[in-house]
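The block underneath contains the structure these notes are about, expressed in structure tokens.
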Amino acid sequence: MTLALKVPPLLVTAIVAGLMIVTGSGASVESPNSHALDAGTQLWLACWIWAAAVTVILLAVISFKRHQTTVNPYALEGVSTLVDSGIFRYSRNPMYVAMAMSLLGIAVLQGASLSLFYVAGFIIYITQFQIKPEEAFLQERFGVVYVEYCQQVRRWL
């Protein structure tokens, strides 16, 4: 089985981040009564979001390694176990959640509310071209066990 997305998810994240940086700086939609965050607060909040994203990715990688299965979404032949413990009890796709969080950190740092459209676009794109094909593969590989897991754990959060 091949995935619909031919571009690695990390590269998609980098491309979206680049687009956000090039086009989003200072682009915000503010109401007359809005209270924009100062640059220091934006940096502090963005750093916390990035730290949380790194933590989520590390927890996911640790879970994969603990179950001796691949973290590479293109090495489907290496998928040996359905990982449903650790961080995977809360999200079926914590690595993609972390990638979206990293993009959210950029939007916060920029103070650019329009950059949130890039984050939403990333989520829609990755869901359609990466996650759904992965889910089809996992359902084929693990059958009813995977279906039950999907009923208990959300795709994103």
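The helix-only estimate of mean residue ellipticity at 222 nm for the chain, built from DSSP H runs of length n ≥ 4 each weighted as -39500 (n - 2.57), is -19500 deg cm²/dmol after division by the residue total. With the crude spin-label approximation of a point 7 Å out along Cα→Cβ, what separation in nm comes out for residue 157 versus residue 47? Inter-label distance under the simple model: 2.2 nm.
At full extension, residue 39 and residue 114 could sit 25.3 nm farther apart than now, given 0.36 nm per residue minus the alpha carbon distance.
Set against the 2.2 N^0.38 Å expectation for a compact globular protein, the chain has a Cα radius of gyration ratio of 1.15. For region 39-94, dividing the convex hull volume of the Cα atoms by the residue count gives 79 Å³ per residue. Site pair residue 75 and residue 6 shows an inter-label distance of 2.3 nm when each label is modelled 7 Å from Cα along Cα→Cβ. The angle separating the long axis of helix 9-24 from the principal Cα axis of greatest extent in the chain is about 10 degrees. Using a Gaussian network model of the chain in which every pair of alpha carbons under 10 angstrom is joined by a spring, one finds that among 110, 130, 139 the greatest mean-square fluctuation is at 139. Counting only heavy atoms of the protein chains and using a 1.4 Å probe, residue 92 has close to 40 Å² of accessible surface.
The values are calculated or read from the model by the stated rules, or taken from the named source; none is laboratory data. Bear in mind the structure is a predicted one, so any value in this text is a computation, not a measurement. Using ideal geometry, Cβ is built from the backbone for each residue, glycine included, and neighbour counts are taken over all protein chains shown. To get the accessible areas, we keep the full protein, side chains included, count just its heavy atoms, and leave off ligands, DNA and RNA. Shrake-Rupley method; radii C 1.70, N 1.55, O 1.52, S 1.80 Å.
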